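First comes the structure, then the notes that go with it.
The values are calculated or read from the model by the stated rules, or taken from the named source; none is laboratory data. Predicted, not measured: the structure shown is a model, and the values here were computed from it. Here the Cβ positions follow ideal geometry from the backbone for every residue, glycine too, while neighbour counts run over all protein chains shown. Heavy atoms of the whole protein, side chains included, go into the accessibility calculation; ligands, DNA and RNA do not. Shrake-Rupley method; radii C 1.70, N 1.55, O 1.52, S 1.80 Å.
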Amino acid sequence: MSATDINKELPAALHALQQWAASERLGVSTRIAQARIDAFAEATGDHNWIHVDPARAKTELPGGHTIAHGFLLLSLTVEEDVAALVGFPGIAHVLNYGLNKVRFLAPVASGSQIRVRSRLVSLEPRQPGQWLLTQHKSVELQPGGEIALVAEQLSLIVLAP
């Protein structure tokens, strides 16, 4: 569906969301601290030494640092969107609808700075009062911009009655 077609049938409540999503957005730079990696390991039960054993990583991993879980990085792609999406008037709630084409392209060492880049792929009607927002997300290492992760993120936008 073209942007012109979307705008013809897009409810007024979604115009601001569509404008926001259409622009490429760069998130704030975030440091991936070992404490955050450890907390993620506790939450998920993934205690693989490459994530949680800095002493072993120092001698056995290239670069000498533990690396963040891929799914920790993936979870960070929604962080800034959550606050933004619920702030648009006329939207009752936003649901995580899933992911497409997730790829983990480069390791992210503990202590690294990352930034999330987002752009609109599509905004399509589903059921009456529901729209599917698809965004391309990438996690970039800072400085330099090496891509560590790419994914298509799906959000179900439910309009207020």
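Structure values in brief
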{"read-out": "The stretch 87-161: relative contact order as a whole-number percent, Cα under 8 Å and 6+ apart", "value": "43 percent"}
{"read-out": "Percent accessible area from carbon and sulfur atoms, the chain, protein chains only, probe 1.4 Å", "value": "55 percent"}
{"read-out": "Modelled FRET efficiency - R0 25 Å, residue 80 with residue 53, Cβ distances, 0.05 increments", "value": "0.25"}
{"read-out": "Probe 1.4 Å - accessible area at residue 74, Å² to nearest ten", "value": "10 Å²"}
{"read-out": "Solvent-accessible surface (1.4 angstrom probe) belonging to residue 47, in square angstrom, nearest 10", "value": "90 Å²"}
{"read-out": "Assigned charges on the beta-carbon of Lys, Arg, Asp, Glu; the stretch 73-161 dipole about Cα centre (debye)", "value": "140 debye"}
{"read-out": "Where labels lie 7 Å past Cα in the beta-carbon direction, separation of residue 46 and residue 12 in nm", "value": "4.5 nm"}
{"read-out": "Selection from 14, 70, 96, by position along the positive dipole direction of the stretch 1-98 (Cβ)", "value": "70"}
{"read-out": "Calculated [θ] (222 nm, deg cm²/dmol) that DSSP helices of n ≥ 4 give over the chain, each run adding -39,500 (n - 2.57)", "value": "-8000 deg cm²/dmol"}
{"read-out": "Distance (nanometres) between label positions extended 7 Å along Cα→Cβ at residue 28 and residue 104", "value": "2.7 nm"}
{"read-out": "Distance between modelled label sites at residue 160 and residue 20, nm, 7 Å Cα→Cβ extension", "value": "1.4 nm"}
{"read-out": "Gaussian network model of the chain, springs between alpha carbon atoms under 10 Å - residue of 131, 20, 49 with greatest fluctuation", "value": "49"}
{"read-out": "Within the stretch 1-90: Cβ-based charge dipole about Cα centre, in debye rounded to nearest 20 (Lys, Arg +1; Asp, Glu -1)", "value": "200 debye"}
{"read-out": "The chain: most fluctuating residue of 109, 43, 22 per GNM, C-alpha cutoff 10 Å", "value": "43"}
{"read-out": "Total charge dipole magnitude, the chain, about the Cα centre, Cβ charges on Lys, Arg, Asp, Glu only, Debye to nearest 20", "value": "180 debye"}
{"read-out": "Cα long-axis angle, helix 34-44 against the chain (0 to 90 degrees, to the nearest 10)", "value": "70 degrees"}
{"read-out": "Sequence-separation-based contact order of the chain, relative, with Cα cut under 8 Å and 6+ spacing, percent", "value": "27 percent"}
